[in-house]
Structure formats: C-alpha cells, structure tokens
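The next block holds one structure in the form of structure tokens; read it before the comments.
The values are calculated or read from the model by the stated rules, or taken from the named source; none is laboratory data. Predicted model only: the values in this text are computed from it and were never measured. Cβ: placed from backbone, ideal geometry, glycine included. Neighbour counts: every protein chain shown. Please note that ligands, DNA and RNA were not included when accessible areas were found on the heavy atoms of the full protein model with its side chains. Shrake-Rupley method; radii C 1.70, N 1.55, O 1.52, S 1.80 Å.
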Protein chains: 2
Amino acid sequence: MVSRQGGVFLARTVLIVAGGVASAEEAREAAKDADFIIAADGGFSLASRAGLRVDLLVGDMDSLDSPPQNIPILKFPREKDATDLELALDYARGTDPERIVVVGAFGARLDHTLANANLLEKYDLPVVLFHQGFRVYLVVDELEIPAALGDLVSLIPLSAEVRGIFTWGLRYPLHDGVLFRASTRGVSNEVVGLPCGVRVREGKLLLIHKPQGGGQ
Amino acid sequence: MVSRQGGVFLARTVLIVAGGVASAEEAREAAKDADFIIAADGGFSLASRAGLRVDLLVGDMDSLDSPPQNIPILKFPREKDATDLELALDYARGTDPERIVVVGAFGARLDHTLANANLLEKYDLPVVLFHQGFRVYLVVDELEIPAALGDLVSLIPLSAEVRGIFTWGLRYPLHDGVLFRASTRGVSNEVVGLPCGVRVREGKLLLIHKPQGGGQ
C-alpha cells in the first residue's frame, strides 16, 4: 500500500518491469504487493501484456514503437551511460522503498544479464529479481527466504570476497564462512531445514533460490 | 594441432563442452581448431549430439544416465566445492594451452550462468565462451576480435575496477578509461571501425561480442 506522510507518497514495494525474458504470469506474480510500478523501456510491453498498471516509464524509448501517451515518462537520451534497469533502480531507490522487486532483468541478452547482476552491488536495500522460476535476492545484512525442503539455493558473491557468512537451513552450512567471487563454491546448496536464511557481515552477496515445486 | 615436445602432448586450443544451453551446430563451430576436447559432465550429451570426439570427461557424473566406457574420466565426488566448468577449466589450464574455448557455460541455470562468468576472473589466459551467437572473451592484456561493422560489443568488468582501458574501432571509445563492475556503462557499444580491440592495464574484463550477421 502507498501511504501518505507529510504530503509525500511513500511506496513500500516498488516493482520494476524490465525488457528481458519473462512471462505475463511471472510479471503478475512479481507485481503482488507492488505499490508503484516502473516500466524500464521495453519492459512496458511486458507490463501491458500482463495487464499491469504502469506508474512511470523510464528509458530511452528505443524499444517501443510508440511511447504511451497517458503515463509519466522519464526519458533519457539514446546515448546514455547505463542500462534501462540501472536508470530504473536509481529512480526507485530515490523513493526510499522498503524493497524493490524486478522482473525481466535477465535473459534476452547475455551482456545485459551479467551487467544487471553485477549492478546490484551498487545498492543497499532489499532487492529481489524474478527470473523464470528463480528468485535472486540481494542480501542486505540478513535474509530469510520463503522456501520449502529440497529447494535449490546458490550463494553468489558480488564483492571479490564476502566474509562472516552464517547460514541456517542449508545442507552445506557456513559458520563465519568466506566466499570468493572467482570461485563457484557457493553454487548448488539445498534447503534441508526451515526457516532458511543467511546473514552476512562484510561484502555483497546474491542468494539465488529455485523452488522445486514440491511440498514441505 | 597437438604437438609433442619432450614426450608431452601440448594442446594449443582446448575446447570445454559444458552442460548449459547450446545447439549441436554451435558446439561444432566452437570445436574448430580444437586439439583437445573436455566434456564437463552434462556437456558430454551435447558433445555426443554434435558428433565431437571427447578426449576427457570431467565431473561428478550426476548429469549422465550411464557414463561412457571408452574415454578417460576424471571423476569428482558429488559433494564437491565447484561447478563442473570450474573443474574442467582448472584441468585445461594445467595443459598450458594457448587458448581455451567453452561452449555450454551459460543458460540452463541462472546461478550457474552468473557463477561461471564471475569464475573467469580466476584465470589468466585467453578464454572465449560461445553462447547463442554471443562470444564472451576474457581480456588478457590485449585483444582484437574478428568483427564486422555494426556488431554489438559490451565491456563487462570482472574486477571491482578495471583501469587503463584503451579501445579501438568502437563508437564510444575509451582512452585510459575506467569501468566499474557495479555500473552498466560498458554495455551496448558498437563496432564502427576495423580492426576492433581493447587493451587493459589493470583488472579483469570481459568483452562480449554479438555479430549482427551483416557484411563488413
């Protein structure tokens, strides 16, 4: 819900719909609880297909045949120094939200996929990205995920080193552990207890969660 | 070609076939000039579909219904601390090759895609990864790519900072430039002159090249 404090609308959950690969169903799932929806350029098509109300359109409009007439547009020059997702995330951060949800960040172009994942290191608030059944969480201090036994969890460092990692509920636990970005050690862990979560003392970490669709 | 020096076979170009998304045609394209072919676990299926001769199979064999009987296998326990691609790359590096080509590194699982890209920071020799028309190069000192005018090029830092970047042949050139990993500034450059290349003084950089299929 959007609340009004001192005349300013404060969004609790901001959804960014980007131009990568996502189904309309996944976009609608990501949109649950969203107070404010930003379409990042080509993401507007996805938002439209999913029947989502877009509050703001951000980007250079190079992915749209004809920009919509009836919603606010934050237009950037075509020769800009950032992806549409970075522009949208920067704007979203400015609304001081409790969390940001993103759908369509990955998949259409490998360079965008890698750059958009790395980009998350820039931010310091809870972000979760939906991508074809995967949930990618930026871990800020501590995170518990809504998981079921048997789910897949991978820990992917964004910083060169991530230190002081404590996990609970995972088959291969870490207790004051260290992960290095240039190593694949954190890949393919498994949820074996609930609740399941991670705490990080130093560094930026992604937690990637893939529900296996089974029961608890 | 494999050459023999002092009784040791030296591979010039090692191909690693990994278990991600790739067509048989792309695997065969990546296999051109390969002296030695390593299948990383599930990559063996792709190599077989592509009709490639596999010299070594590396992994925990968890992706194969029945491991082949007639080729050498470097078997790791299932509860290992690395992806099959990391194990294969470590082995390949030990053969002291001139370059390593990889196909199937990306696409099947988002966590593998991100971890395998980050992993390249660990290596210090020319690696190129084929992925659905994209070529991902690990830049070691200097690199010129076989490109055509109009091709897409993105520069994706692996290190937190990459310094002393010089490019030639690109629409948005860098001259002693700096790129930060947590920024998408290096995405979506374009080949406007030939030859096209990049030199890096400090840090690890990926160059992602997407031929547009047009002429020169």
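Of note:
- Complete set of residues in the range B:124-144 that are within 14 Å of chain A (Cβ to nearest Cβ), touching an Asp or Glu at 6+ places or on another chain (Cβ under 9 Å) and buried (at least 17 other Cβ atoms within 10 Å of the Cβ): B:130, B:131, B:134, B:136, B:138
- Which listed residue is modelled with pLDDT under 90, hydroxyl-bearing (Ser, Thr, Tyr) and in the same structural domain as residue B:119 (by TED's automatic domain parsing), from B:48, B:63: B:63
- Any hit, the range A:206-215, residues being open to solvent by 30 Å² or more (accessible area, probe 1.4 Å), among the basic types (Lys, Arg), closer than 27 Å to residue A:28 by Cβ and assigned to a strand (DSSP E or B): yes
- All of (1) part of a loop (DSSP other than H, G, I, E, B); (2) surrounded by 18 or more Cβ atoms within 10 Å (Cβ to Cβ); (3) acidic (Asp, Glu) hold for residue A:65 with one exception: (2).
- The set of residues in the range A:145-163 being farther than 20 Å from residue A:128 by Cα and within 13 Å of chain B (Cβ to nearest Cβ) consists of A:160, A:161.
- A single member of B:113, B:13, B:95 is within 14 Å of chain A (Cβ to nearest Cβ) and either over 28 Å from residue A:131 (Cα atoms) or of a type outside the set (D, E, K, R) (or both), and it is B:113.
- Only one of A:95, A:113 that is open to solvent by 30 Å² or more (accessible area, probe 1.4 Å) and in contact (Cβ under 8 Å) with a residue 60 or more places away in the chain: A:95
- Qualifying residues in the range B:76-92 (those that are touching a helix residue (DSSP H, G or I) at 6+ places or on another chain (Cβ under 9 Å) and without any contact (Cβ under 8 Å) to a residue 60 or more places away in the chain) - the one farthest from the other protein chains (Cβ to nearest Cβ): B:76
- Top-ranked residue of the range A:98-110 - restricted to ones that are out of contact with any Gly (no Cβ under 6 Å at 6 or more places or on another chain), more than 10 Å from chain B (Cβ to nearest Cβ) and surrounded by 24 or more Cβ atoms within 10 Å (Cβ to Cβ), ranked as farthest from residue B:129 (Cα to Cα): A:100
- Long-range neighbours under 8 Å by Cβ, at least six apart or interchain, first residue touching a residue at least 24 places away in the same chain (Cβ under 8 Å) and closer than 11 Å to residue A:88 by Cβ within the range A:51-66, second among the hydroxyl-bearing types (Ser, Thr, Tyr) and not in a loop (DSSP other than H, G, I, E, B): A:56/A:91; A:58/A:91
- Candidate set: the range B:13-31, residues that are in a loop (DSSP other than H, G, I, E, B) and in contact with a Gly (Cβ under 6 Å, 6 or more places away or on another chain); chosen: the one surrounded by the fewest Cβ atoms within 10 Å (Cβ to Cβ): B:21
- Tally of residues being surrounded by fewer than 16 Cβ atoms within 10 Å (Cβ to Cβ), more than 14 Å from chain B (Cβ to nearest Cβ), of a type outside the set (Gly, Ala, Ser) and touching a residue at least 12 places away in the same chain (Cβ under 8 Å) across the range A:164-193: 3
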